[in-house]
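Heads up: the structure comes next, in structure tokens.
Bear in mind that the values in this text are calculations on the coordinates, not laboratory data. Since we're looking at a predicted model, the values are computed, not measured. Don't worry about glycine lacking a Cβ; one is built from the backbone with ideal geometry, like all the others, and counts go over all protein chains shown.
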Amino acid sequence: MYAKRGVVETFAVGLMTGVGLVVGLAWQLSKDREGCEPVVDVEYKRVGHESFPHTVVRRPVRDGARCVLAEVGA
């Protein structure tokens, strides 16, 4: 028994639509997982009358499509 041509075409269109949706969803999820680049700041610590440079690496967090530095404490 052979399937009718319309059934095969409908199945193929549905299959291609499903594959397209899965690929699009996988691409969106991988795009969201991209990390934000660390930010390197130089702070000056003061000891007595002298100040010394101190390098601090901060890791921003993703907020939707942008990367923001979280402020600790308040």
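Going by C-beta contacts inside 10 Å, put 55, 10 in order with the fewest on the left. Could the numbers behind the result be given before it?
Details: 55 8, 10 11.
The most exposed by this proxy come first: 55, 10.
Enumerate the calculated ³J(HN,Hα) couplings along segment 54-59 in order (Karplus 6.51 cos²θ - 1.76 cosθ + 1.60, θ = phi - 60°), each rounded to whole Hz, writing x wherever the residue is Gly or Pro.
Result, rounded to whole Hz: 9, 8, 10, 9, 10, 10.
Please give, to one decimal in nm, the separation of the simple spin-label points placed at residue 51 and residue 29, each 7 Å out from Cα toward the Cβ.
The two pseudo-label positions are separated by 4.9 nm.
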